[in-house]
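Only one structure is covered here, and it is reproduced in the block below.
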Amino acid sequence: MSEVAREEIQSLSDCELAENFVTMCVRASATESSRSLQDSGAASRQIQTRLHREAQQKISTLVARARSLAPQAFQAFINAAMARISTLVLAERMAHSSLLYRAFDALDDLFGIDYGRDRGMRIDPSQTERLYEGAGRGVQTSYESILIALADLAPRPHARMIDLGSGYGRVGLVVGLTRPDMDFIGYEYVCHRVEVSRACAERAGLTAQVKYHQQDLADPIFTIPPADIYYLFDPFTQDTYRHVFAQLKDLGRTRAVCVATKGFAQQWFAQAIDDANWEQPLVCDEGTLGIFRSIPSVSTTRGITST
Ligand SMILES: C[S@@+](CC[C@H](N)C(=O)[O-])C[C@H]1O[C@@H](n2cnc3c(N)ncnc32)[C@H](O)[C@@H]1O
């Protein structure tokens, strides 16, 4: 990147920084798509490749600048960036397009999500859970999909959402920034992913409403707490799905709960439920998100208490 471009970035105000970050993410994503188009000529691909590289370099410089901000300024920045991203994604959803699918992966660098922490991860040979070691961002829900899921879920004010197998914590970070009224809990088996998620939530100023806990959800002693929404992105082995779904079905008998399934979790949950106790699922985001709402047969006045 040229020295002039670098200086331009250094001279941006904190407000302009967020706007520029989002614009560069969109540009990098658009040039990435154009350069891989089969029917574009070699010259056009070369130009797109150069523009893509420039956008990536600018993103790195913008991230470095944002990460050097004082905590309050960083929190203002990340809130502004997420608000802008949310507007773009919701406009894209209206247009039935998915150009922004992985456009905002650079948010990981802003939050400080380091997938390298999986390196050298030692797994007890007796454990059989599905931990996706070393799989990185490819097995985290894309930021675009999380925002679309939240729009489709339309959580009530002050709703509680639980991510069952929360990975590196992306879902909670988006919920915390876009829905500060909500209460979020992420349960994750792998300790260092929980540590990273907590550090990111702290830096983004979200610790009051976004919590992450190390927990093996297959543990027979552990009981999943009540919530309005449970989110699952392909987390479990068949046995663990059976154990977790039994609890979700029980919860759904006495209260209105929503189970949001990403990927293959949708098929597993559809097979596990009795249709009489659940509404027809709403299938969204190009078929990748299934939203199942329970029809409680026993009403209860029990409220949700904070943990
Ligand atoms: C595909 S990732 C999804 C991460 C996150 N929910 C997202 O959508 O970005 C599934 C996560 O479930 C976790 N997991 C698998 N088995 C688990 C268990 N028994 N208890 C808790 N977490 C588990 C894995 O370690 C992995 O991080």
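The values are calculated or read from the model by the stated rules, or taken from the named source; none is laboratory data. Everything numeric in this text was worked out from a predicted model, so none of it was measured. When we count neighbours, we look across all protein chains shown, and the Cβ atoms used for this are built from the backbone with ideal geometry, even at glycine.
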Which residues, taken from the range 275-297, are more than 17 Å from residue 245 (Cα to Cα), surrounded by fewer than 18 Cβ atoms within 10 Å (Cβ to Cβ) and of a type in the set (Asp, Glu)? 286
Tabulated pairs, the range 133-152, first assigned by TED's automatic domain parsing to the domain that holds residue 232, second modelled with pLDDT of 95 or more and among the acidic types (Asp, Glu), C-beta under 6 angstrom, 6+ apart or interchain: 137/105
Within the range 7-38, the residues that are at pLDDT 75 or above and of a type in the set (D, E, K, R) are 7, 8, 14, 16, 19, 27, 32
Residue 135 being near the ligand (Cβ under 9 Å from one of its atoms), over 12 Å from the mean Cα position of the chain (by Cα) and surrounded by fewer than 22 Cβ atoms within 10 Å (Cβ to Cβ): yes
Pairs please, first residue from the range 237-258 and in the same structural domain as residue 219 (by TED's automatic domain parsing) and assigned to a helix (DSSP H, G or I), second anywhere and within 12 Å of the ligand (Cβ to nearest atom) and basic (Lys, Arg), Cβ atoms under 8 Å, 6+ apart in sequence or on different chains. 240/130
Identity of the residue in the range 99-126, buried (at least 18 other Cβ atoms within 10 Å of the Cβ) and hydroxyl-bearing (Ser, Thr, Tyr), that ends up nearest to the chain's Cα centre (by Cα): 101
The range 201-220, subset farther than 23 Å from residue 158 by Cβ and within 13 Å of the ligand (Cβ to nearest atom), residue farthest from the chain's Cα centre (by Cα): 220
Hey, among the residues in the range 138-159 that are near the ligand (Cβ under 10 Å from one of its atoms) and aliphatic (A, V, I, L, M), which one's surrounded by the most Cβ atoms within 10 Å (Cβ to Cβ)? 146
Which of the residues that make up the range 222-278 are within 16 Å of the ligand (Cβ to nearest atom), more than 20 Å from the chain's Cα centre (by Cα) and among the hydroxyl-bearing types (Ser, Thr, Tyr)? 223, 237, 240, 241
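Inspect all residues belonging to the range 42-56 and state whether any of them is β-branched (Val, Ile, Thr), closer than 22 Å to residue 7 by Cβ and surrounded by 13 or more Cβ atoms within 10 Å (Cβ to Cβ). Don't jump to the end; show me each part of the working.
Taking the range 42-56 first, the residues β-branched (Val, Ile, Thr) are 47, 49.
Add one more test, that the residue is closer than 22 Å to residue 7 by Cβ, and what stays is none.
Within the range 42-56, not a single residue is β-branched (Val, Ile, Thr), closer than 22 Å to residue 7 by Cβ and surrounded by 13 or more Cβ atoms within 10 Å (Cβ to Cβ).
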Scan the range 171-196 for residues that are in contact (Cβ under 8 Å) with a residue 60 or more places away in the chain, within 12 Å of the ligand (Cβ to nearest atom) and in a helix (DSSP H, G or I) and report the count. 6
Report yes if some residue within the range 213-222 is modelled with pLDDT of 95 or more and either surrounded by 22 or more Cβ atoms within 10 Å (Cβ to Cβ) or of a type in the set (Ser, Thr, Tyr) (or both); otherwise report no. no
Need pairs with beta-carbon distance below 7 Å; first residue over 16 Å from residue 26 (Cβ atoms) and within the range 53-67, second surrounded by fewer than 18 Cβ atoms within 10 Å (Cβ to Cβ); sequence gap 6+ or separate chains. 61/1; 61/6; 65/10
